[in-house]
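*Asks:* If you scroll down you'll find the structure; I have some questions about it.
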Amino acid sequence: MRLSYLCMTMFAAIFFLTGCGRPTGILYTHITKPLDTNMSQTPSGVNSAEGDIKHLTIYNISVLWDSNAIGDIAKNSGLETVYYADLEELNVLGVWKQYTIHIYGK
């Protein structure tokens, strides 16, 4: 009885600490979500580009670098028309965060 209780407790802890039980985990989170949900007129077979921001936090000191502005990404990759974009978020222990914007267009 005691061993099964311990196994269930460990499973529940792993389930919730890794982000499986809720949208954000304490140890590790990696999700992708759309920035635009109106895709009724979006053509298929489009080109893609990406840009990202890195975010490091240590002892209440935050450092951010790079850019993920949609206009900058489109200009640097040669896209003239942007149809839609996705946001990918990576979080490791709340110390390392990375936000990547994936844009699609022509």
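The values are calculated or read from the model by the stated rules, or taken from the named source; none is laboratory data. Every value quoted in this text rests on a predicted model; they were computed, and no experiment measured them. Neighbour counts are summed over all protein chains in view; Cβ atoms, including those assigned to glycine, are modelled from backbone coordinates with ideal geometry.
*Asks:* Which members of the range 37-67 meet the condition of being small (Gly, Ala, Ser) and closer than 19 Å to Ala85 by Cβ? Walk me through it before giving the result.
*Replies:* First, the residues of the range 37-67 that are small (Gly, Ala, Ser): 40, 44-45, 48-49, 51, 62, 67.
Within the range 37-67, Ser40, Ser44, Gly45, Ser48, Ala49, Gly51, Ser67 qualify.
*Asks:* Could you check, for the range 76-99, whether at least one of its residues is β-branched (Val, Ile, Thr), part of a loop (DSSP other than H, G, I, E, B) and at pLDDT below 85?
*Replies:* no
*Asks:* Mind counting the residues in the range 66-105 that are within 18 Å of Thr29 (Cα to Cα) and of a type in the set (Val, Ile, Thr)?
*Replies:* Number of matching residues: 4.
*Asks:* Contact list please: Cβ distance under 7 Å, first residue in the range 73-98 and free of Cβ contacts under 8 Å to residues at least 60 places away in the same chain, second residue part of a loop (DSSP other than H, G, I, E, B) and of a type in the set (S, T, N, Q), pairs at least six apart or on different chains.
*Replies:* Going by the 7 Å Cβ cut-off, the qualifying pairs are Tyr83/Thr42; Tyr84/Thr42.
*Asks:* For the range 54-70, give me the residue count where each residue is assigned to a strand (DSSP E or B) and surrounded by 12 or more Cβ atoms within 10 Å (Cβ to Cβ).
*Replies:* 5
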